[in-house]
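Asker: After the structure tokens below, expect a handful of questions from me.
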Amino acid sequence: GVGPRGATPLAHRHEAVAAGREVSVTDLDTDPTRRADVTVDLVARAGTVRLASGRTVEGYTLNGTSPGPLIEVVQGQLLEVHLRNESVGSGLTLHWHGVDVPNAQDGVAGVTQDAVPVGGEHTYRFVAPDSGTYWYHSHQVSHEQVVGGLLGALVVHPATPTRPVDVDRVVVAHTYGGALTLDGQEGDVRVPAEPGDVVRLRLVDTDDGTLTAWASVPYRVVAVDGHDVHEPPAVERATVGVGAGGRVDLEVVVPDDGTAARVQVGSSDALVVGPAQAQAPPVERPDDAVDLLAYGTPAPLGIDPASPDRSFEYAIGRRPGFVGGRPGMWWSVNGHVFPDLPMFMVREGDVVRITISNDSGAVHPIHLHGHHAVVLSRDGVAATGSPWWFDTLDVRDGETYEVAFVADNPGIWMDHCHNLQHAADGLVTHLMYE
Ligand code: C2O
Ligand code: CU
């Protein structure tokens, strides 16, 4: 049902800013005469990808590589990206995954723009509203183009650093031709650092499944989906999961004894963090896992989810039906299959609560475009750790999450499963402003 309207949209907007958005929403409406602070030219091609390891696979490149170039800006800077499609036959777009951009810049083919055809160009232009680890990828036939490598990482550095760091490294985890790679390499990947260095590792899971990481040294989970964790404690012996499309920033300190730290990312790849020749001890996969529901310490949410303006159910199931004329068992939301899926309506300024449940028999990494939501509870157990803001949330079979967000970014937004094959099979809904 729809709850009573509590506060005015303006009051909500101030609350949203207090909730950690460092640039208010109105500042996002970019002055067309403003000069870009960072300009990037990207040329997309279909064909053979030569990975950093030298291995070649068939797929897609941006400026000749996959992953495409790392884009770095400082929060509040204006980023301008010129995309040219040289040979991607089905056309492409660029979506700024996790960045709460103005709707027109969201890069969703068929929703916010048309796919850019071969020979075509498109310019994206937005102010980076929040610091954090993000990524970009095509949003046209994503289950083929993203899987094929049309993607890259985007880091928005804070205007004033929140934690001291000696080495800051982004790591794109992507599977090419059946093998998981870290920045296109398999096995041990070196991250050069000196003894005692504080190293931030920004893990980006660009695959369809959950990535699991663990380390030979204590580590901290300092950010999730671009949002800083409040007072993250050291983790001694546990894994941390990164859902499909999600990002987790880990912090490790290089040992003083001349060895390197090993950060295992999946069972076959690892980051070896330390001096050039240093050995890193092997490390067994721990049984325990970090539970973000109880990790870190509480901090003000900046919104009052106890009196929402809207409440929605998002019940994921599986039922027989026809999708694209094909009979089968399809993913459903609230009992409906694509294209008969619910359209969630909000008004600007609403505090929105969603109950996401899953009894479909599979994990669904649910991704919200244009917004970050905060986890309130899982299976009736209230969150007790740091506010857990996400744009992509792994919802396992049998789980129920209560989440909340502020509708502070008008437009029409896709909310979908980031297992891209599931999205292609119809697990796609939309959020729309009245
Ligand atoms: Cu990362 Cu709708 O996508
Ligand atoms: Cu799914």
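None of the figures in this text is laboratory data; all of them are computed from the coordinates on show. Remember, it's a predicted structure, so these values are computed and weren't measured experimentally. So basically every Cβ, Gly included, is an ideal-geometry build from the backbone, and we count neighbours across all protein chains shown.
Asker: Sorted by mean Cβ packing within 10 Å, highest first, what order do the peptides 203-212, 339-348, 424-433 take?
Answerer: By packing density, highest mean first, the sequence is 203-212, 424-433, 339-348.
Asker: Measuring from label point to label point, each 7 Å out along Cα→Cβ, what is the residue 268 to residue 334 span in nm?
Answerer: In this crude label model, residue 268 to residue 334 measures out at 4.3 nm.
Asker: I would also like to ask the following. Place a +1 charge on the Cβ of each Lys and Arg in segment 379-427 and a -1 charge on the Cβ of each Asp and Glu, then give the dipole magnitude about the Cα centre in debye, rounded to the nearest 20.
Answerer: The calculated dipole for segment 379-427 is roughly 80 debye.
Asker: So, one more: Between segment 244-258 and segment 339-406, how many Å separate their Cα centres?
Answerer: 27 Å
Asker: Sort 405, 338, 126 so that the residue with the fewest other Cβ atoms within 10 Å of its own Cβ comes first and the one with the most comes last.
Answerer: So the residues, fewest neighbours to most, are 338, 126, 405.
Asker: Okay, next question. Quick one: Debye curve from the C-alpha atoms of the chain, no solvent, what's log10 I(q)/I(0) at q = 0.08, 0.12 Å⁻¹?
Answerer: -0.43, -1.02
Asker: How do the peptides 241-251, 321-331, 106-116 rank, highest first, by the average count of neighbouring beta carbon atoms within 10 Å per residue?
Answerer: Highest mean packing first, the order is 241-251, 106-116, 321-331.
Asker: Students often check this: by mean Cβ neighbours within 10 Å, which of 128-136, 216-224, 155-163 ranks highest, and how do the rest follow?
Answerer: Put in order of decreasing packing, that is 128-136, 216-224, 155-163.
Asker: Skipping prolines and chain starts, which residues have an amide H placed within reach, meaning under 5 Å, of the one on residue 40, given they are 5 or more residues away or on another chain?
Answerer: Residues meeting the amide H criterion: 80, 81, 82.
Asker: Turning to a different aspect of this structure: Exposure proxy check: 371, 336 ranked by fewest other beta carbons within 10 Å?
Answerer: If I rank by nearby Cβ atoms, fewest first, I get 336, 371.
Asker: Here is a further query. Taking θ = phi - 60°, what integer Hz values does the Karplus form 6.51 cos²θ - 1.76 cosθ + 1.60 yield along segment 400-414, in sequence order, with x for Gly and Pro?
Answerer: Whole-Hz 3J(HN,Hα) from phi for segment 400-414: 10, 10, 9, 10, 9, 8, 9, 7, 10, 9, x, x, 10, 10, 7.
Asker: Could you work out the relative contact order of segment 134-288? I mean the mean sequence separation of Cα pairs under 8 Å and 6+ apart, divided by the number of residues, in percent.
Answerer: Relative contact order comes out at 23 percent.
Asker: With N set to the residue count of segment 167-290, report its C-alpha Rg divided by 2.2 N^0.38 Å to two decimal places.
Answerer: The reported ratio for this selection is 0.97.
Asker: Which ³J(HN,Hα) values, rounded to whole Hz and listed in residue order, are derived for segment 373-385 from phi using the Karplus coefficients 6.51, -1.76 and 1.60 in 6.51 cos²θ - 1.76 cosθ + 1.60 with θ = phi - 60°, glycine and proline given as x?
Answerer: Values per residue, Gly and Pro as x: 10, 10, 7, 9, 7, 10, 6, x, 9, 5, 5, 10, x Hz.
Asker: Percent antiparallel among DSSP beta bridges with both residues in the chain, to the nearest 5?
Answerer: Given both bridge residues lie in the chain, the antiparallel proportion sits at roughly 70 percent.
Asker: Express the Stokes-Einstein translational diffusion coefficient of segment 310-433 in µm² s⁻¹, to the nearest whole number, given a Kirkwood radius over alpha-carbon pairs, 20 °C and a viscosity of 1.002 mPa s.
Answerer: 146 µm²/s
Asker: Along Cα→Cβ, 7 Å out, is where each label goes; now give me the distance between the ones at residue 157 and residue 237 in nm to one decimal.
Answerer: Label at residue 157, label at residue 237, 3.8 nm between them.
Asker: In terms of modelled amide H atoms, which long-range or inter-chain residues lie less than 5 Å from the amide H of residue 376?
Answerer: Amide H to amide H, under 5 Å and 5 or more residues apart or across chains, residue 376 pairs with 402, 403, 404.
Asker: Let me make sure I get this right: for segment 266-313, a, b and c are the square roots of the gyration tensor eigenvalues over alpha carbons, sorted descending. Under 1.5 in a/c it's rounded, otherwise prolate if a/b > b/c, else oblate. Which is it?
Answerer: The shape class here is prolate.
Asker: Could you give each residue of segment 51-61 its phi-based ³J(HN,Hα) in whole Hz, using Karplus coefficients 6.51, -1.76, 1.60 with θ = phi - 60°, and x for Gly or Pro?
Answerer: So the Karplus estimates, Gly and Pro as x, are 6, 4, 6, x, 5, 10, 9, 7, x, 9, 10 Hz.
Asker: So who's got an amide H within less than 5 Å of the one on residue 332, skipping anything under 5 residues away but keeping other chains? H placed 1.01 Å off N, in plane.
Answerer: When sequence neighbours closer than 5 places are left aside, the close amide H contacts are 317, 318, 319.
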